[in-house]
Amino acid sequence: MTKYRKAAFIVAAAAALGATSAQAEEDAFRIGGIVSLSGAYGVIGESMRKGAELAADVRGGTVLGAPIVFEWEDTETNPQIAVQKASGLIGKGVDMLFGAVSSGSTLAVMKVSERRGVPLLVTLSASDRITGEDMASNTFRTSNPVRMENTMMAEFAGREKLDKIYAVVADYGVGRDMWEDLKGRLTSIGAEIVAEDYPPLGGRDYALIIDKIQKTDADGVVMIMTGGDAITFLKQSGQVGLKDEKQIFGTMVMDEMMGEAVGNLSYGVNSTLRYHFAIDNEVNRAFVTAFQDKYGTYPDQAAGEAYDGMAWFLDVVDQTGVWDQQAWIEAFSTSTNTNSIEGVKIMRACDHQAAQSGLFGKAVQGEAPYPDVTMAISYQFDSETLFPACD
């Protein structure tokens, strides 16, 4: 008898005896969400939660015939806390883990989930180590890795003929690693790195850095910052017209959610896009409509990626027809998502990274019904350019 059938029998018997809802909840597909819900990355975690929950809603709230139940925990963007929260969720018997936001937290959680054989779905963290040197048999990433983001940023700098680059890099391990890779790509195409600054996470005053940038002859400013840090930098730099003097670009530094926070100082900022609501296909149009109906706004890229990855994984679980975590893992490792809101994604068995196309956009004045700050797609990159064949 499968785990689900056993659970169904137990719940049915318990119901006959007047069981509590807490007991009945054991008969469910339980997803442990470990994301940042506070601090600089809190806005990203909230978007991920919305996207993941909508993926469950649109399938009727069930998988393998069981109701889907989410349990959310705040990592506070701290790897140690993320491990504690993940361990607690695994101890409660969750069927899969979803998260985190920062790559440091994700890498830490991967070790715990692998020891326990619990599938871990990653839809935001970008460190190459996740699907590289630290690859785990049960972890899958359906969103962009660093190498994909860096390939797009180097291509952007080359196409825009940016010869001198100033880098502003959030001071944490993954940010520095990402910059070292990007710096190599930029210098290989002939760009000169004018200077580099490493402000701490949660910074509130970038005036000194902005003043230094303005005094250089850099024609491009690359930001490796996210969440609240990126918002603060863009507001302060926008107030002195930095974006009008130099091309500002970065990884996930601007979309409609960020634009709402930064306001009209967003216009002209360039960014990689992991997802955009204007992608023109039937699946995405249906998702955007469902998101607007539920939340009253357009989905941002964190919400879109969370929805896409969660919908894909739940589809594969249903296709296996069995309540077996190892079966889900094996099936997902060779799956293709032809129903992706971004087109088609192919899970690479060699590294558990989804191969996919990529987008680069610029913030412009939006026209109704779009938000005041809307991303216009400026460049598209195909999967073959972004994902060399596995070794």
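The values are calculated or read from the model by the stated rules, or taken from the named source; none is laboratory data. Here the structure is a predicted model, which is why all the values come from computation and not from measurement. So basically every Cβ, Gly included, is an ideal-geometry build from the backbone, and we count neighbours across all protein chains shown.
Listed values, structure above:
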item	result
Check on LEU124, on the phi < 0 side of the Ramachandran plot, part of a loop (DSSP other than H, G, I, E, B) and in contact (Cβ under 8 Å) with a residue 60 or more places away in the chain	yes
Residue match in region 182-194 (condition: modelled with pLDDT of 95 or more, assigned to a strand (DSSP E or B), more than 30 Å from THR297 (Cα to Cα) and under 26 Å from the mean Cα position of the chain (by Cα))	no
Scan of region 328-361 for residues that are assigned to a strand (DSSP E or B) and buried (at least 20 other Cβ atoms within 10 Å of the Cβ), ordered by number	ASN337, SER340, LYS345, MET347, GLN353, ALA354, GLY358, LEU359, PHE360, GLY361
Test: residue in region 200-219 that is closer than 22 Å to LEU386 by Cα, surrounded by 19 or more Cβ atoms within 10 Å (Cβ to Cβ) and either modelled with pLDDT under 95 or of a type outside the set (A, V, I, L, M, F, W, C) (or both)	no
Residue ID - surrounded by the fewest Cβ atoms within 10 Å (Cβ to Cβ), chosen from residues in region 220-252 that are within 25 Å of VAL43 (Cα to Cα) and among the basic types (Lys, Arg)	LYS235
Candidate set from region 183-195 (those that are charged (D, E, K, R) and surrounded by 15 or more Cβ atoms within 10 Å (Cβ to Cβ)); member that is nearest to ALA154 (Cα to Cα)	ARG185
Unmet criterion (only one of (1) within 16 Å of the chain's Cα centre (by Cα); (2) assigned to a helix (DSSP H, G or I)) for THR77	(2)
Residue within region 246-256 that is at pLDDT below 95 and in a helix (DSSP H, G or I) present	yes
Test: residue in region 145-159 that is touching a residue at least 40 places away in the same chain (Cβ under 8 Å) and closer than 17 Å to ILE31 by Cα	no
Qualifying position, being touching a Leu at 6+ places or on another chain (Cβ under 8 Å), buried (at least 24 other Cβ atoms within 10 Å of the Cβ) and assigned to a loop (DSSP other than H, G, I, E, B), among VAL118, VAL101, VAL109	VAL101
Region 35-64, subset touching a strand residue (DSSP E or B) at 6+ places or on another chain (Cβ under 8 Å) and over 17 Å from ALA303 (Cβ atoms), residue modelled with the lowest pLDDT	SER38
Output for region 166-179, where each listed residue is over 16 Å from GLU155 (Cα atoms) and of a type outside the set (Gly, Ala, Ser)	TYR166, VAL168, VAL169, ASP171, TYR172, VAL174, ARG176, ASP177
Selected residue [surrounded by fewer than 19 Cβ atoms within 10 Å (Cβ to Cβ), modelled with pLDDT of 95 or more, of a type in the set (S, T, N, Q) and more than 21 Å from ASP57 (Cα to Cα)] from GLN325, GLN319	GLN325
Residue list for region 137-155, restricted to those being buried (at least 24 other Cβ atoms within 10 Å of the Cβ) and in a loop (DSSP other than H, G, I, E, B)	THR142, SER143, ASN144, PRO145
Single unsatisfied condition, ASP280 versus (1) free of Cβ contacts under 8 Å to residues at least 12 places away in the same chain; (2) in contact with a Leu (Cβ under 6 Å, 6 or more places away or on another chain)	(2)
Flag if GLN301 is crowded, with 22+ Cβ neighbours inside 10 Å, modelled with pLDDT of 95 or more, at negative phi and within 20 Å of the chain's Cα centre (by Cα)	no
So ALA261, is it touching a helix residue (DSSP H, G or I) at 6+ places or on another chain (Cβ under 9 Å) and part of a helix (DSSP H, G or I)	yes
Residue count, region 269-284 (criterion: part of a helix (DSSP H, G or I) and within 20 Å of the chain's Cα centre (by Cα))	2
Residue match in region 121-135 (condition: surrounded by fewer than 22 Cβ atoms within 10 Å (Cβ to Cβ), out of contact with any helix residue (DSSP H, G or I) (no Cβ under 7 Å at 6 or more places or on another chain) and farther than 21 Å from ALA327 by Cα)	yes
